[in-house]
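Engineer: Have a look at this one before I ask anything.
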Amino acid sequence: MEPSHPGNIGAAARAVKTMGIEQLVLVNPKRFPDPEATVRAVDAVDVLERATVCSSLKEAIGQCTFVVGTTARKRGLACPQIAPRELGARVWQELAGGPVAIVFGRESSGLSNDELDLCQFVTAIPSMKSLNLAAAVQVICYEIFMAAGGAHAVDVESEDALAASMELERLFEHLQTVLLEIGFLDPRQPKLLMRRLRHVYQRAQLTQVEVNILRGILSATEDSTSR
Ligand code: SAH
């Protein structure tokens, strides 16, 4: 809502993008576009370029089915509170129903009571003093990212892609063949054990590289038993 410092707009664009969020809506920004916003966005310039500018909060959240305001201050009788961590998980549930908006206030005065009235919930990041606007955006987006298993997503990006269902099925077939060959699996009743093993491997969220290693072990087992 009405950010007055273009630097904060750029920093907010960067903050959302680092957490996998791409859509920024600006309500009456004082200065935008602005070179300072571009500089602060670093490699989130695309988020800035695609940012929508609206003239009222009502317009900005018009299509949203779940709207949460953020506040640095304790408010009297505002709408129900939700903790940022709880909000992170809730966002993913609510996205099934439609677009979700998290609303951030002005640097000088936050959100007005009328603006908070448009929100279903309000969330406050526990802090000694109010945070910088873009820092608050970062914390909330971090919670949303983490609720979706963010740390895991990062591992995958830096290391290896997750195995697809088809690759897992080939692993299970291979495993079943080998377990029969080495006499571990009862050929009259293979299903129960295979189902249990499936659960083990599915819980592990194997990457493609890991599936290849496991299949390598199975092939080596076959080689050594056929010798
Ligand atoms: N002086 C203002 C501070 C606004 S800080 C006031 O007293 O309200 C700018 C915006 O950053 C806030 O409107 C809110 O959206 C966000 N923000 C800052 N600190 C926050 C916190 N602790 N929890 C949630 N949002 C926060």
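The values are calculated or read from the model by the stated rules, or taken from the named source; none is laboratory data. Here the structure is a predicted model, which is why all the values come from computation and not from measurement. Note: ideal-geometry Cβ built from the backbone for every residue, glycine included; neighbour counts use all protein chains shown.
Engineer: Could you go through the stretch 34-53 and let me know if any residue there is modelled with pLDDT of 95 or more, touching a Pro at 6+ places or on another chain (Cβ under 6 Å), acidic (Asp, Glu) and in a helix (DSSP H, G or I).
Structural biologist: Scanning the stretch 34-53, I find at least one residue that is modelled with pLDDT of 95 or more, touching a Pro at 6+ places or on another chain (Cβ under 6 Å), acidic (Asp, Glu) and in a helix (DSSP H, G or I), so the answer is yes.
Engineer: From the set of residues in the stretch 163-198 that are aliphatic (A, V, I, L, M), over 17 Å from residue 222 (Cα atoms) and in contact with a helix residue (DSSP H, G or I) (Cβ under 9 Å, 6 or more places away or on another chain), which is modelled with the lowest pLDDT?
Structural biologist: 163
Engineer: Go through (1) under 25 Å from residue 148 (Cα atoms); (2) not in a loop (DSSP other than H, G, I, E, B) one by one and return the number of the condition residue 20 breaks.
Structural biologist: Answer for residue 20: the failing condition is (2).
Engineer: Right, another one. Go through (1) at pLDDT below 95; (2) under 21 Å from the mean Cα position of the chain (by Cα); (3) away from the ligand (no atom under 13 Å from the Cβ); (4) under 19 Å from residue 143 (Cβ atoms) and name the single condition residue 121 misses.
Structural biologist: Looking at each condition in turn, residue 121 falls short on (3).
Engineer: Can you spot a residue in the stretch 130-138 that is over 27 Å from residue 6 (Cβ atoms), within 22 Å of the chain's Cα centre (by Cα), more than 7 Å from the ligand (Cβ to nearest atom) and surrounded by fewer than 17 Cβ atoms within 10 Å (Cβ to Cβ)?
Structural biologist: no
Engineer: So how many residues does the stretch 11-39 have that are surrounded by 15 or more Cβ atoms within 10 Å (Cβ to Cβ) and free of Cβ contacts under 8 Å to residues at least 60 places away in the same chain?
Structural biologist: Count: 13.
Engineer: Pull up the stretch 101-115, narrow it to residues that are more than 11 Å from residue 71 (Cβ to Cβ) and acidic (Asp, Glu), then point me to the one that is farthest from the ligand (Cβ to nearest atom).
Structural biologist: By that ranking, first place goes to 114.
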